[in-house]
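In what follows, a single structure is set out as structure tokens and then discussed.
The values are calculated or read from the model by the stated rules, or taken from the named source; none is laboratory data. Everything quoted here is computed from the prediction, not taken from an experiment. Note: ideal-geometry Cβ built from the backbone for every residue, glycine included; neighbour counts use all protein chains shown. Surface areas here come from the heavy atoms of the whole protein model, side chains and all, with no ligands, DNA or RNA. Shrake-Rupley method; radii C 1.70, N 1.55, O 1.52, S 1.80 Å.
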Amino acid sequence: MRDLAPSLAAMLSSPGWSDVVVLSAAVDDGPRLTGSRVSLEVSSHPESLDGQLLVVLLADDHTDWRIDALISRASAAGAGALLLAGVEPLGRGAQLLAERLQLPVLGCSDPLAAHEYLRRVTAEPEVVRSELVLRAVAALRRASDDLTSVLRTTSDVLERPVTLAGTDGGTLAGEPLEADERTALVGALPRVPVAWAAPYRVDLPSGAVLIAVAVVGVGPVCWLVARLPRVVPAEVAAVPDVLSVVAPAVGERLALRRLELERDARQRTSLLGELLHGEPSEATRRRAVDLGWQLDGWHTGIRIGAEGQVDVAGRRTDVVEAFDAEGLRAVVVEQGDGWSAWVTAVREPTATEVQQQAAVIRRVHRRLVQTVDAYVGVGRVQPGPSGIATTLAEAGDAAGLARGRAETGRFLHVDRLGLAQLLLAWTRTDTFQPAAQALLAPIKDQPGDLVTTLAVYLDTESSLAETAAVLGIHRNTAAARISKIQHLLGVDLTNPDERLALHLASRTSPTE
Amino acid sequence: MGTVIREQDLGALVVGVTLLGSGGGGDTGAFGRMLRRRLGAGELVLRDAADVAGVSVSPIGVVGATSVLMEKLPGGGEFDAAVRAVSRWTGTEVTGLMSLEADGLNGLTPLIAALDLGLPVVDADLMGRALPRLDQFSWAVAGRSLTPCALSEPSGQVIVVDNVDAAGLERAVRSFVAHTGGWAVLALAPTPVEAAAADAVQGSLTRALALGRAHAALEPGATPAVVAEDLGGRLLGTGRVEEVARHLIGDGGAAFGRGSVCVVDAGSRAVIRIETENEYLLALVDGTPVATTPDLLCVLDRRTLQPIAVDAIRSGDEILVLALPGPAWWRRADRITHVGPQAFGLACAPQLLEAS
């Protein structure tokens with residue numbers, strides 16, 4: 001039974017003892033309480049207590065000399081601590097005596113309840129456990145569909161803070177964890193949890209304990225975490241069971257929320273799809289109004305791309321929050337592997353305003369990269385409903401370029417560069433150059449300067465005569481080189497796509 | 001042959017009766033000075049009961065709020081008035097005096113009265129130490145009636161009370177002093193000395209004088225253990241008063257200030273707690289009762305070794321706590337219930353020193 005004995009400090013932080021106060025000098029961790037013995041009056045003569053708590057039900061005067069005598073007797077009988085009815089302060093003598101005999105003296109307005117609670121956690125841990133689980137089940141039945149309500153209900157049943165944490169320890173709902181608790185939790189949890197795995201227990205240096213149960217369901221894994229400030233063994237044994245009961249309910253609420261998110265996302269994406277295909281119909285306009293989109297006015301398109309596997313529907317709130325935080329009212333729509341957004345102004349913005357707005361969007365981007373590996377392109381200001389499509393297309397192009405341009409912070413604004421320059425600039429990018437060189441590699445070190453021949457050939461609109469003239473070679477030589485190039489590269493130079501690719505590739509710096 | 005008291009003995013006698021007061025008994029200052037003036041260069045003999053056969057003695061003393069004596073001074077005629085009233089009512093001449101309680105100021109009052117009235121004083125009293133209630137007179141405990149008796153107060157008012165038990169007399173006395181000067185002289189009925197002394201504590205004043213002399217003989221700076229040994233008692237502790245808590249409790253008609261004194265022993269760091277009413281009643285060391293009434297609990301100033309009364313002790317005082325043996329008369333099982341801790345509402349068995 002001794003391994004079920006909680007320390008006094010743990011009991012003082014436990015829910016059943018919330019109204020128990022320490023009347024003697026403060027205790028650090030205090031003795032371990034092996035049980036609880038009740039006695040009616042202060043004049044009782046307790047026998048061997050062996051670390052148990054002695055609870056006195058009638059103690060109306062805490063300054064009475066009999067309290068001193070009782071402290072002395074309880075200490076001699078080996079009591080772990082003494083609990084008196086009432087919370088009035090002790091007399092000075094009793095305080096000094098308790099300190100001298102190292103016997104903590106507690107007070108409580110309902111000593112019988114405190115006695116009963118200690119007795120249960122030390123002698124009947126199964127009862128504590130089943131009662132908590134039953135209470136959790138009953139309370140969950142009454143909880144609403146809201147996730148926070150489920151967490152609050154659980155927290156109320158356990159009378160402990162309960163958190164829903166992501167795999168990085170970040171708080172998804174409930175009371176946030178401290179930074180060091182977060183680190184300890186993440187260190188202890190597996191990356192990929194198994195649904196049937198036993199709950200995890202994380203002992204923190206502060207003496208607190210985190211109990212974590214995986215919530216496996218739709219979407220990424222998260223953890224239901226309860227924080228117990230100190231170890232009461234019976235409670236530490238009971239909480240995992242309670243959390244295991246609650247976890248499916250949390251999973252269900254998460255799935256419902258996810259469903260809602262996806263539904264909204266699909267609605268927005270399809271509406272945007274319609275907007276991108278020409279002048280919107282009456283019905284489209286109405287739906288846009290329903291969603292709060294302003295179709296008229298001057299729009300600035302923003303394309304936010306995300307690298308890697310990103311939950312686009314789930315993380316949309318992050319994007320909206322980033323815009324809100326910078327004071328920009330933007331419409332954000334999930335699209336492909338990122339988000340399309342636009343900002344609408346009633347009248348045409350001036351050049352300065354455009355610059356200012358671009359600066360704000362840059363700040364939004366900086367916010368976003370803290371959580372998402374994002375690259376951003378911004379289009380030019382375009383008027384009217386069809387302008388949305390135009391500016392978003394420009395933004396999309398710019399974003400595609402921004403992706404490979406680490407030197408601009410993976411952010412590009414079309415207005416600043418002009419589209420043609422952008423494309424040209426793109427051929428100098430870190431992503432394109434290796435690709436171009438790889439493309440041209442087969443003809444690079446061949447006799448007859450095939451790279452220059454190809455460049456000139458494409459520049460002269462595929463004219464062999466012009467090529468021969470520019471290079472000062474015979475026409476047949478030029479024809480032979482071109483066929484050799486086609487052979488080596490394995491391409492058909494009459495195919496416009498391949499021709500364009502090679503043309504761009506030949507524009508990379510010839511010194512490379 | 002009795003004990004002779006001269007002027008040079010008065011200092012020791014005053015300290016002795018104060019020690020018998022166990023922290024109570026009232027301030028001896030006013031009556032000490034009166035006695036010194038009355039005695040002058042003369043002498044006073046404390047007689048054994050056996051030496052004054054045939055005398056009718058009246059136990060006499062001051063009752064009421066003895067602290068009022070500081071403001072409401074004696075007029076000088078109170079003893080005479082009380083003695084004459086009780087003689088007249090009983091028809092028996094008072095030919096000798098004894099003390100109601102041979103401690104504190106009432107250890108001195110019969111001596112003053114004896115000098116004033118020219119009567120012999122018998123060294124016997126009804127308490128042998130300080131006790132707060134009239135039903136704790138040895139006569140009452142032994143079944144002897146306390147009435148008839150007479151009370152006189154400083155303005156001259158005299159009443160005679162008869163046909164009432166100890167509790168009734170207590171009520172009568174309290175209401176009388178409450179509505180007059182706050183204190184009065186009480187003289188009980190003249191009684192043949194043989195009977196009077198049989199139900200009384202013998203030799204208390206002689207003991208007080210011996211205690212006082214032992215006290216006076218202490219070297220300045222004597223260690224606490226030596227002080228206890230020389231006074232014939234046991235040392236309970238030496239240290240600083242941490243707290244003095246006082247509160248009134250209602251106890252039927254009589255309300256006494258209940259209080260407690262908490263001391264931490266300088267050597268062992270043991271926590272000493274003394275429960276008080278008008279006297280020091282119960283001492284606990286580390287929560288264990290070690291000394292109780294009817295033994296004497298005495299608190300002395302550590303530096304001057306002067307006794308400190310219950311109403312004078314303060315936080316921060318450096319004190320010695322001693323237990324001295326109480327009067328042997330009270331040690332019998334049928335008597336101790338009247339003066340042991342239970343008689344004061346303290347649920348504790350009497351803890352007495354080994355009889356010496």
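Tell me, what is the 1.4 Å probe accessible area of A:Glu348, in Å² to the nearest 10?
We get 100 Å² for A:Glu348.
Quick one: Cα centre-to-centre distance for region B:107-170 and region A:6-71, in angstrom?
The two parts, judged by their Cα centres, are 49 Å apart.
How charged is the neighbourhood of A:His503? Take every other residue with its Cβ under 11 Å from the Cβ of A:His503, and add Lys/Arg as +1 and Asp/Glu as -1.
Overall, the nearby charge balance is -2.
Of the options B:Val4, B:Leu188, A:Ala436, report the single residue whose Cα projects farthest towards the positive end of the charge dipole of the protein assembly as shown (beta-carbon charges: Lys, Arg +1; Asp, Glu -1).
A:Ala436
Put +1 on the Cβ of each Lys and Arg and -1 on the Cβ of each Asp and Glu in the protein assembly as shown; which of A:Leu401, B:Thr337, A:Ala468 then has its Cα farthest toward the positive end of the dipole?
A:Ala468
What is the set of long-range amide H partners of B:Ile308 at a cut-off below 5 Å, with H atoms built 1.01 Å from backbone N?
B:Val299, B:Leu300, B:Asp301
Would you pull out the residues with amide H under 5 Å of A:Ser36's amide H, same chain only if 5 or more places away, H placed 1.01 Å from N?
Those lying under 5 Å, H to H, from A:Ser36 are A:Leu53.
Residues of B:270-278, mean number of Cβ from any other protein chain within 10 Å of their own Cβ, rounded to a whole number? Kindly include the intermediate steps, with their values, before the conclusion.
Working: counts 3, 13, 3, 10, 2, 5, 0, 0, 0.
Partner Cβ neighbours, averaged per residue: 4.
To the nearest 10 square angstrom, how much accessible area does A:Asp241 have with a 1.4 angstrom probe?
Roughly 50 Å² of A:Asp241 is accessible to a 1.4 Å probe.
If you take every residue apart from B:Leu236 with its C-beta less than 12 Å away from the C-beta of B:Leu236, what net charge results, scoring Lys and Arg +1 and Asp and Glu -1? Display every interim value, and only then the final one.
Numbers: positive: B:Arg234, B:Arg273; negative: B:Asp265, B:Asp286, B:Asp295.
Within the 12 Å Cβ shell, the charges total -1.
Per-residue ellipticity at 222 nm for chain B, helices alone: DSSP H runs ≥ 4 residues times -39500 (n - 2.57), over residue total, nearest 500 deg cm²/dmol?
-8000 deg cm²/dmol
Keeping every protein chain in place, order A:Tyr117, B:Tyr280 by accessible area at 1.4 Å, biggest value first, i.e. largest first. Provide the component values of the computation, followed by the final result.
Values: A:Tyr117 35, B:Tyr280 0 Å².
Ranked list, largest accessible area first: A:Tyr117, B:Tyr280.
Is there a quick way to get the dipole size of region A:47-91? I mean about its Cα centre, with the Cβ of Lys and Arg at +1 and of Asp and Glu at -1; what is the value in debye to the nearest 20?
120 debye
Where Lys and Arg each count +1 and Asp and Glu each count -1, what net charge lies around A:Ala9 among other residues with Cβ under 12 Å from its Cβ?
0
Tabulate in residue order the Karplus-calculated ³J(HN,Hα) for region A:226-236, using 6.51 cos²θ - 1.76 cosθ + 1.60 with θ = phi - 60°, rounded to whole Hz; enter x for Gly and Pro.
Result, ordered by residue: 10, 10, 10, x, 8, 8, 9, x, 4, 6, 4 Hz.
With N set to the residue count of region A:254-314, report its C-alpha Rg divided by 2.2 N^0.38 Å to two decimal places.
Normalised by 2.2 N^0.38 Å, the Cα Rg of region A:254-314 equals 1.32.
Take every DSSP beta bridge with both residues inside chain A and express the antiparallel ones as a percent of the total, to the nearest 5. All intermediate terms of the calculation are to be shown ahead of the outcome.
Working: 44 of 60 bridges.
So the antiparallel bridges in chain A amount to around 75 percent.
When the Cα centres of region A:450-512 and region B:9-45 are compared, how far apart do they sit, in Å?
138 Å
Accessible area, 1.4 Å probe, largest first: how do A:Tyr200, A:Tyr375 sort?
Final ranking, largest accessible area leading: A:Tyr200, A:Tyr375.
At 1.4 Å probe size, with no ligands or nucleic acids counted, give the accessible surface of A:Trp293 in Å², nearest ten.
20 Å²
What 222 nm value per residue comes from the helices of chain A, counting each DSSP H run with n ≥ 4 as -39,500 (n - 2.57) and dividing by all residues, nearest 500 deg cm²/dmol?
It lands at -15500 deg cm²/dmol.
Evaluate peptide A:89-100: per residue, the Cβ atoms of other protein chains within 10 Å of its Cβ; return the mean as an integer.
Partner-chain Cβ atoms within 10 Å, mean over residues of A:89-100: 6.
Most fluctuating residue of B:Gly259, B:Gly203, B:Gly168 in a GNM of chain B with Cα springs under 10 Å: which is it?
Answer for the Gaussian network model of chain B: B:Gly168.
Once the principal axes of the Cα atoms of the protein assembly as shown are found, what is the range along each, listed largest first in whole angstroms?
Rounded to whole Å, the extents work out to 171, 57, 56 Å.
May I ask for log10 I(q)/I(0) of region A:278-423 at q = 0.10, 0.13, 0.19 Å⁻¹, from a Debye sum over the Cα atoms as equal point scatterers with solvent left out?
Computed log10 I(q)/I(0) values: -0.31, -0.53, -1.15.
Could you size up the charge dipole of the protein assembly as shown around its Cα centre, putting +1 on the beta carbon of Lys and Arg and -1 on that of Asp and Glu, and report it in debye to the nearest 20?
1560 debye
Taking the Cα centre of region B:260-316 as origin, work out the dipole magnitude from +1 charges on Lys and Arg Cβ and -1 charges on Asp and Glu Cβ, in debye rounded to 20. The partial results should precede the final answer.
On the way: 5 positive and 8 negative charges, 63 e Å.
It works out to roughly 300 debye.
Would you work out which of A:Leu53, A:Val245, B:Ala222 lies farthest towards the positive end of the dipole of the protein assembly as shown, given +1 charges on the beta-carbon of Lys and Arg and -1 on that of Asp and Glu, about the Cα centre?
Most positive-ward Cα: A:Val245.
Taking a 1.4 Å probe, which of A:Glu178, B:Glu153, B:Glu71 shows the most accessible area, and what order do the others take after it?
Accessible-area ranking of A:Glu178, B:Glu153, B:Glu71, largest first: B:Glu71, A:Glu178, B:Glu153.
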